[in-house]
Structure formats: C-alpha cells, structure tokens
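Q: I'd like to ask some things about the structure below.
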Amino acid sequence: MTPKEIIDRLVHSEQPIEFYTTPARAFMLIANLQLALRHPENKGLSTELVRDMIANLSTAIATVTEMPEVIVLVAQGYQPEFDLTNEQADEYFGQRSRPERSLNISLDLAENCDLEAIGQALAMLMQQTPDPQAAFQQWQDALAKAKIEPIFPA
C-alpha cells in the first residue's frame, strides 16, 4: 500500500479508537501538542481538531482528578509567557540530562522511496555509539541506499 493510499484510507475511516492513559501522561501529551501548534506552518483544519482534542483531554483530566484548575493551566500552555525555564522545570521535576547537541530531521519522501531502508537509517541515527564518525558514515551509507540525499547546513 502506498503512503497516499494509507492516508486516504485513514482520512475516510470513522472507526473510533479507544485511548487510555493517566492524567499525568495526558497532560504531557497536551503540552507536546501545544508546542507543535506553535509552529508557524502548522495551520488549517487539523489544528482546530487538535485544539478540540486538547480541550476534551483537559476536561477529562479535570474531572478525573477533581481539579477544575487544570483547565486554566492547560489554557496557559498556549501562551509562551507561561513557559517554564530549564531552572523552573528542574525545580518541579528534578535535574534532567540534556543533550549537548540536537538534530532536527525533515524528510520529503518520494512516492517510490524505500521506507524500510529509511527506517533502518533513522534507527541507526538514534543509536548512541562510542564512535560518532563511524556511525555518521554508516548513516550516510544507509541514506544513500534509501536514495535520500542529505542536506547539511554550510
């Protein structure tokens, strides 16, 4: 099945999916969705659907925990002025390890791309290794096998 066929089938599916989680995990999901909604190119109908899902989840959390204040706290998540600094997050959640470097990946996949090879390349990239240079070369080789040309900033 092609990616287009998969998406078309998903778009037309009305079968409900039951989803169970804890209030804390739902709250973390909301926070990550709100962060994604801040991206300037994240527009359209899907963003409104996500906002509705966030509202429903926050109401569910407030109901289950008997804390209606959660709804206000979630609403603040749309406002950058309420973001926690790293120091504040450490105070709330304890010290967390932070990566020294980060990597953002965006893939524009051709219709006939080798998804398995791409998955293997990405899995390889995610592995920690004592020899980063060798791992990087293996990653480049895997991308070449998947017929992807990496673009690196100058």
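Taken together, the values in this text are just the output of simple stated rules run on the coordinates, not laboratory data. The structure presented is a predicted model; accordingly, all values stated were derived computationally and were not measured. Using ideal geometry, Cβ is built from the backbone for each residue, glycine included, and neighbour counts are taken over all protein chains shown.
Q: Kindly indicate whether LYS4 is farther than 30 Å from ASP114 by Cβ and either over 16 Å from the mean Cα position of the chain (by Cα) or in a loop (DSSP other than H, G, I, E, B) (or both). Step through it out loud before you land on a result.
A: Values: farther than 30 Å from ASP114 by Cβ: no; either over 16 Å from the mean Cα position of the chain (by Cα) or in a loop (DSSP other than H, G, I, E, B) (or both): yes.
It is false that LYS4 is farther than 30 Å from ASP114 by Cβ and either over 16 Å from the mean Cα position of the chain (by Cα) or in a loop (DSSP other than H, G, I, E, B) (or both).
Q: Collect the residues in segment 8-28 that are over 20 Å from the mean Cα position of the chain (by Cα) and surrounded by 10 or more Cβ atoms within 10 Å (Cβ to Cβ), keeping them in residue-number order.
A: Scanning segment 8-28 gives ASP8, ARG9.
Q: Enumerate the pairs (first residue in segment 1-26 and hydrophobic (A, V, I, L, M, F, W, C); second residue anywhere and in a helix (DSSP H, G or I)) with beta-carbon separation below 6 Å, excluding pairs fewer than 6 apart on the same chain, so at least 6 apart or on different chains.
A: Between residues of segment 1-26 that are hydrophobic (A, V, I, L, M, F, W, C) and residues that are in a helix (DSSP H, G or I), the close pairs are ALA26/LEU57; ALA26/ILE61.
Q: Just name the residue that is nearest to the chain's Cα centre (by Cα) out of those in segment 57-85 that are loosely packed, with under 10 Cβ neighbours inside 10 Å and in a helix (DSSP H, G or I).
A: PRO80
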